[in-house]
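Some notes on the structure that comes next.
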Amino acid sequence: MSQPVVNTQPAPGQLATAAVRGLAPYVIGKPVEELQRELGITDVLKLASNENPLGPSAAALAAMRRSLEETWLYPDGNGHDLKMAISRHHGLPMSQVTLGNGSNDLIVLLAEAFLTTETSAVVSQHAFAIYGLAIQAVGAQGRVAPALNEASGMPYGHDLEAMFDLIDDTTRLVYIANPNNPTGTWSPTADVLRFLERTPPSVIVVLDEAYFEYARGYGCPDGSTLVERFPNLVVLRTFSKAHALAGVRVGYALSHPQVADMLNRVRAPFNVSIPGLVGAATSIGDAQQIARAVQLADEGKQLLLRELPKLGVKPYRSAGNFLLVDVGASGQAVYDKLLHQGIIVRPVAGYGLPRCVRITMGTMPQNQRLLAALPECL
Ligand SMILES: *Cc1c(COP(=O)(O)O)cnc(C)c1O
């Protein structure tokens, strides 16, 4: 007896776990080439992914170029030289460093290592979207604490008290972005310390410091100095932002050695490429390039914080290299109009901020170009 086959065969996508089927894909900043293809615009300015327009340290570029000769080999799966450089930079043993394919990799590995369908993780409203995706992908329960309000002085920022209140016996992870993307908000040292002191040791606290270099003047803690004191603290850093190495994908975690051990068990053995290892190890020693990047971002923020209100839009204070800007109407519409001027910013309706766009600080001429293009787009 032959059975009808066609109708009983599941569509292959349906074979994925329910958790994965429920995921909404992460929306990336529009690539320059895509806009060129779509609108035939050649002079595209991308201010959409918090990249550093100065580019990488010259020494790092040279080292990466040289390293291309060796790319027929697998990279050092232990990342020895880079871990050594990171270890020296922070004054922490190498056993407390885990390398990631960007810090995004580590955000996901933490969820894989510490969450199950029986556990929960806590994030803030408007927090970096990858946290929610990582939590959802493993089928854990994501709990979202309402953000701080306008009256708080840090609108849209993480409310660490509210986040603490969502922790219970099932909670294994809390993700804190300091500063946060896309809001630019930050949590001062005293608040972070209070949170760490109160949070039970059974909860891993992930302090994502992707914009650490830009945030130094804002009263944020340096998480790297806290990992010895709090065994449940994991600090994430990246080479994608101030170090301008987004394209080679390198990030790292600083943690208790046992947490590093667990992350290394779930990590893909060769998760950082040869150019990435070499570029990052060189860049970490180029403090001047970082200082230039931070100064440029500060100048850009000063300019836009001063000029944008004159155009009738509202920028929020930011400790990152970007500004969240309330355009009063549809952020998506302003984004679309800017695209036609060849400028890519980031719409953030997906973050629950439909009236806002996020704008990365460019070079000063680029920032001026944005200011000149904006009035027609509002
Ligand atoms: C950009 C960013 C990251 C990760 O970037 P990687 O390129 O994967 O290192 C992590 N957290 C926040 C808050 C970010 O904005």
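Table: residues versus (1) under 26 Å from LEU39 (Cα atoms); (2) among the β-branched types (Val, Ile, Thr); (3) at pLDDT 95 or above.
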residue	(1), (2), (3)
GLN302	no, no, yes
ARG317	no, no, yes
ARG346	yes, no, yes
ALA349	yes, no, yes
LEU353	no, no, yes
THR363	yes, yes, yes
LEU371	yes, no, yes
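Search region 116-126 for residues being touching a strand residue (DSSP E or B) at 6+ places or on another chain (Cβ under 7 Å) and open to solvent by 10 Å² or more (accessible area, probe 1.4 Å), and hand back the single one that is farthest from the ligand (Cβ to nearest atom).
If we filter region 116-126 for residues that are touching a strand residue (DSSP E or B) at 6+ places or on another chain (Cβ under 7 Å), which is where we start, we get 119-125.
This time we only want the ones that are open to solvent by 10 Å² or more (accessible area, probe 1.4 Å), so: 119, 123, 125.
Details: THR119: 22, VAL123: 11, GLN125: 15 Å.
Looking at residues that are touching a strand residue (DSSP E or B) at 6+ places or on another chain (Cβ under 7 Å) and open to solvent by 10 Å² or more (accessible area, probe 1.4 Å), I get THR119.
Looking for whichever is out of contact with any Ser or Thr (no Cβ under 8 Å at 6 or more places or on another chain) and more than 13 Å from the ligand (Cβ to nearest atom) here; the options are LEU226, LEU233. Which one fits?
One residue alone meets the criteria, LEU226.
Look through region 100-115, keep the residues that are among the aliphatic types (A, V, I, L, M) and in a helix (DSSP H, G or I), and return whichever of them is farthest from the ligand (Cβ to nearest atom).
Looking at the filtered set, the residue picked out is ALA113.
Quick one: is THR171 away from the ligand (no atom under 16 Å from the Cβ), of a type in the set (Val, Ile, Thr) and touching a strand residue (DSSP E or B) at 6+ places or on another chain (Cβ under 7 Å)?
The answer is yes for THR171.
What is the one condition in (1) in a helix (DSSP H, G or I); (2) open to solvent by less than 10 Å² (accessible area, probe 1.4 Å) that LEU324 does not satisfy?
(1)
Looking at LEU47 and the list (1) farther than 25 Å from LEU133 by Cα; (2) in contact (Cβ under 8 Å) with a residue 12 or more places away in the chain; (3) in contact with a Pro (Cβ under 9 Å, 6 or more places away or on another chain), which single condition is not satisfied?
Here LEU47 meets the rest and fails (1).
I'd like to know if region 235-249 contains one or more residues that are hydrophobic (A, V, I, L, M, F, W, C), open to solvent by 10 Å² or more (accessible area, probe 1.4 Å) and on the phi > 0 side of the Ramachandran plot.
Yes, region 235-249 contains at least one residue that is hydrophobic (A, V, I, L, M, F, W, C), open to solvent by 10 Å² or more (accessible area, probe 1.4 Å) and on the phi > 0 side of the Ramachandran plot.
The values are calculated or read from the model by the stated rules, or taken from the named source; none is laboratory data. Computed from a prediction, not measured in an experiment: that's the story for all the values here. Cβ: placed from backbone, ideal geometry, glycine included. Neighbour counts: every protein chain shown. Protein only, heavy atoms only, side chains kept; ligands, DNA and RNA dropped before computing areas. Shrake-Rupley method; radii C 1.70, N 1.55, O 1.52, S 1.80 Å.
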